[in-house]
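Following: one structure in structure tokens, then a few remarks.
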Amino acid sequence: MDDLTSIPQFVIRLFGVNLVFNTETIFMTWIVMAALIVFGFLATRKASFMPNPVQQVAELFVKAFYDLTKDALDDRMAKNYFPLVCGLFMFLLFSNWLGVIPKLSEPTKDLNTTLGFGIMGFFIAHYAGIKKKGIKQYLSEYFQPIFFMAPLNVIGEFAKVISISFRLYGNILGGSIIILIVSHLVYGLMLPPFLMCFFGFFVGTIQAFVFTMLTVVYISVQVK
């Protein structure tokens, strides 16, 4: 289990506080960002009515997630939040797929990554709710159906962040643990590569989609 328990890191001491950075997660995140930049460049470099394969894949992402966002929100809000939704899915997808490549690992295997996206979705959803309803109506909803339900409603909102973050983190980390254990038990057989492809491509795609759609749902709940 050394692969999972040994975490490469560096520490910066600032104002008497040690700031610990996971260098593996940072480096893998940079790889995902670079891959997305290259993908975007190749998809738009020679955009035409007769699209190349990369442009076709990009248009598939755009069309599918614009329609999903429009179904959850109205047309005007879909135009505002669609870039976030599509970008979030593609980042999580590439991150989850990264573990299939030998010597690389998923940034989403780090709770800091998934929790960061969960907190981001939390603030965006509540900002959208305040902007749409106004601060007075927004706050009044926490006292529904009766006023002393407010603490439970607040806890419920924070629970969404924990739930969505740990779901993605747990699935990706759990898959890595299973692959590691099986690899030590049946080293050299075809089962570990099969598990890597299964957890990387299939489970990784499903979890990226679930996380993205839950973020859209949270925004939708706040604006309606």
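Looking across the range 172-191 at every residue that is in contact with a Ser or Thr (Cβ under 9 Å, 6 or more places away or on another chain) and under 15 Å from Ser105 (Cβ atoms), the one that is modelled with the lowest pLDDT is identified as Ser176.
Kindly provide the set of residues from the range 114-127 that are small (Gly, Ala, Ser) and surrounded by fewer than 19 Cβ atoms within 10 Å (Cβ to Cβ), ordered by number.
As a first pass, look at the range 114-127 and keep what is small (Gly, Ala, Ser): 116, 118, 121, 125.
The answer is Gly116, and nothing else.
Here are some residues: Pro102, Pro51, Pro107. Which one is within 16 Å of Ser176 (Cβ to Cβ) and free of Cβ contacts under 8 Å to residues at least 24 places away in the same chain?
On the way: Pro51 fails: within 16 Å of Ser176 (Cβ to Cβ); Pro107 fails: free of Cβ contacts under 8 Å to residues at least 24 places away in the same chain.
Result of the check over Pro102, Pro51, Pro107: Pro102.
Looking only at the range 56-113, filter to residues that are surrounded by fewer than 20 Cβ atoms within 10 Å (Cβ to Cβ) and of a type in the set (Val, Ile, Thr); which one of those is nearest to Ala128 (Cα to Cα)? So the residue we want is Val62.
Taken over the range 72-99, the residue count meeting the criterion of being in contact with a helix residue (DSSP H, G or I) (Cβ under 7 Å, 6 or more places away or on another chain) and either assigned to a loop (DSSP other than H, G, I, E, B) or within 30 Å of Leu180 (Cα to Cα) (or both) is 13.
Pairs meeting the criteria (first residue in the range 54-77 and over 19 Å from Met213 (Cβ atoms), second residue outside any helix (DSSP H, G or I) and basic (Lys, Arg), beta carbons under 9 Å, at least 6 apart or on different chains) are Val54/Arg45; Gln55/Arg45; Gln55/Lys46. Of everything in the range 19-48 that's among the polar types (S, T, N, Q) and touching a residue at least 40 places away in the same chain (Cβ under 8 Å), which residue is farthest from Ile172 (Cα to Cα)? This residue is Asn22.
The values are calculated or read from the model by the stated rules, or taken from the named source; none is laboratory data. Because the structure is a prediction, the values reported are computed rather than measured. Positions of Cβ are generated from backbone atoms using ideal geometry, with glycine treated the same way; all protein chains shown enter the neighbour counts.
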